[in-house]
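Each remark here refers to the structure printed beneath this line.
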Amino acid sequence: MQNPIIAALDLPTAEQALQLAREVSPAVGAFKIGKELFVAAGPDIVKRVRDTGASVFLDLKFHDIPNTVAKAVASAVRLDVQMLTIHTCGGGAMMRAAEEAAQQTALHSGRNAPLVLGVTVLTSHDASTLSEIGCEANVGRQVERLAQLAVRSGLRGLVCSPLEIAGLRLILPETIQLVTPGIRTGAEQADDQKRTLTPRQAMDAGASWLVIGRPIYAAPNPREAAEMIFASLQ
Ligand code: C5P
């Protein structure tokens, strides 16, 4: 099987991130670069992580007017990322513009288009925060609504919580790639992730990719931790 592990480089400096990337690269399928690292280290960190031979998931969760998001996506494609995130609550026009920018820029750059992933409802939201901002207060219904809008708008993948995978698999075309954080093996210290699945459970539920942060980067031996997680999936 292809390695579905995306190790999150949730570290504050380029040096720390690159050290982890070089150590863990052969044992994972990709690295996730999020806001903390990107804002601290700049776009050059994407190139330096790509130089380790790894794929890059740029998790900046774009949400703006369609023209601006399309241009940000085009810039990300020119950085040679393989996955990136946008907010589905930016609406259908924004998602269509993002997907089209990914396809067109990739074509002009002679690359494969990255997977543009839609983020539905952040896991930090609950019914009260959704109604506070004037949305459908039922989190599950709002996730389904945004997921279906994303698919109608041409996106080929979504980020979802592990507990949403099974439900989304029932309503989405099977070609849609589901990327899920909130993965815990049971070996690590308790932390802020509350509703988790093991890597195996998440894959069995229908995940395509697993975003794993602390269980790898905070492990005594990150390379070994990643190898053990991959072995648990065979
Ligand atoms: O350390 P941990 O495995 O919890 O890291 C999970 C990664 O996935 C972090 O980068 C976190 O920001 C991200 N994430 C998450 N939950 C979401 C969306 C993203 O944990 N709902």
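Apart from one condition, GLN193 fits all of (1) under 18 Å from LEU9 (Cα atoms); (2) buried (at least 17 other Cβ atoms within 10 Å of the Cβ); (3) within 11 Å of the ligand (Cβ to nearest atom); (4) in contact (Cβ under 8 Å) with a residue 24 or more places away in the chain; the exception is (4).
Of all residues in the range 110-134, those that are in contact (Cβ under 8 Å) with a residue 24 or more places away in the chain and under 15 Å from ALA98 (Cβ atoms) have Cβ atoms under 7 Å from Cβ atoms of residues that are assigned to a strand (DSSP E or B) and among the hydroxyl-bearing types (Ser, Thr, Tyr), 6 or more apart or on another chain, in LEU117/THR85; VAL119/THR85.
For the range 171-178, state whether one or more residues are more than 9 Å from the ligand (Cβ to nearest atom), surrounded by 21 or more Cβ atoms within 10 Å (Cβ to Cβ) and closer than 19 Å to PHE62 by Cα.
Of the range 171-178, the ones more than 9 Å from the ligand (Cβ to nearest atom) are 171-178.
Add one more test, that the residue is surrounded by 21 or more Cβ atoms within 10 Å (Cβ to Cβ), and what stays is 178.
Restricting the remaining residues to those that are closer than 19 Å to PHE62 by Cα gives 178.
Among the residues of the range 171-178, at least one is more than 9 Å from the ligand (Cβ to nearest atom), surrounded by 21 or more Cβ atoms within 10 Å (Cβ to Cβ) and closer than 19 Å to PHE62 by Cα, which makes the answer yes.
Residue-level check: of (1) more than 11 Å from the ligand (Cβ to nearest atom); (2) of a type outside the set (Phe, Trp, Tyr); (3) touching a residue at least 60 places away in the same chain (Cβ under 8 Å), GLN201 misses just (3). Counting only helices (runs of 4 or more DSSP H) that sit completely within the range 191-234, zero hold 3 or more residues that are β-branched (Val, Ile, Thr) and within 20 Å of the chain's Cα centre (by Cα). Among the residues of the range 66-73, is any away from the ligand (no atom under 16 Å from the Cβ), β-branched (Val, Ile, Thr), over 17 Å from the mean Cα position of the chain (by Cα) and surrounded by fewer than 17 Cβ atoms within 10 Å (Cβ to Cβ)? Yes: one or more hits.
Of everything in the range 9-23 that's of a type in the set (A, V, I, L, M) and within 16 Å of the ligand (Cβ to nearest atom), which residue is nearest to the chain's Cα centre (by Cα)?
Initial filter on the range 9-23 (of a type in the set (A, V, I, L, M)): 9, 11, 14, 17-18, 20-21.
Subsequent filtering for residues that are within 16 Å of the ligand (Cβ to nearest atom) retains 9, 11, 17, 20-21.
Values: LEU9: 12, LEU11: 16, ALA17: 17, LEU20: 18, ALA21: 17 Å.
Here the residue is LEU9.
When every residue of the range 206-228 is checked against the conditions, at least one turns out to be over 22 Å from PRO114 (Cα atoms), within 16 Å of the ligand (Cβ to nearest atom) and among the basic types (Lys, Arg). In summary, SER109 fulfils each of the numbered conditions (1) out of contact with any helix residue (DSSP H, G or I) (no Cβ under 7 Å at 6 or more places or on another chain); (2) exposed (fewer than 15 other Cβ atoms within 10 Å of the Cβ); (3) polar (S, T, N, Q) with the single exception of condition (1).
Just the residues that are in a helix (DSSP H, G or I) and within 25 Å of PRO4 (Cα to Cα), please, taken from the range 75-96. Full working, then the answer.
As a first pass, look at the range 75-96 and keep what is in a helix (DSSP H, G or I): 75-78, 88-90, 92-96.
ALA76, VAL77, ARG78, THR88, MET95, listed by residue number.
Are any residues in the range 119-169 of a type in the set (Lys, Arg) and either over 16 Å from the mean Cα position of the chain (by Cα) or in a helix (DSSP H, G or I) (or both), and if so, which ones?
First pass over the range 119-169, keeping only residues of a type in the set (Lys, Arg): 141, 145, 152, 156, 169.
Those that are of a type in the set (Lys, Arg) and either over 16 Å from the mean Cα position of the chain (by Cα) or in a helix (DSSP H, G or I) (or both): ARG141, ARG145, ARG152, ARG169.
Every read-out reported here was derived from the displayed coordinates using simple, explicitly stated rules and does not represent laboratory data. Nothing here was measured: the structure is a model prediction, and the numbers come from that model. FYI the Cβ positions are ideal-geometry reconstructions off the backbone, even for glycines, and counts take in every protein chain you see.
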